[in-house]
Amino acid sequence: MINPTPINEPAPQKTPAAYESEAAKGETTYSSRDLFRDKTEIRIEHQGEMYRLRITRSGGLLLNK
């Protein structure tokens, strides 16, 4: 019998080694703390379009056009 994964199980957290591996591949990691500073919403311009990225009450991220 297959045991289903609980729906509310949190996603595994990346270890420092995982971030170092990404950096070695040339990928850039930005901390949400650095991006948002003391705000809960930032605006991102992409290809002439404006997007809003905000932190939800539950701590997630929501991107709206």
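One residue stands out among those in the range 27-53 that are under 13 Å from the mean Cα position of the chain (by Cα) and among the small types (Gly, Ala, Ser): the one that is farthest from Leu63 (Cα to Cα), which is Ser31.
Every residue in the range 1-57 that is modelled with pLDDT under 65 and among the aliphatic types (A, V, I, L, M), please. If the condition is that a residue be modelled with pLDDT under 65 and among the aliphatic types (A, V, I, L, M), then Met1, Ile2, Ile7, Ala11, Ala23 are the ones that fit.
The values are calculated or read from the model by the stated rules, or taken from the named source; none is laboratory data. Computed from a predicted structure; not experimentally measured.
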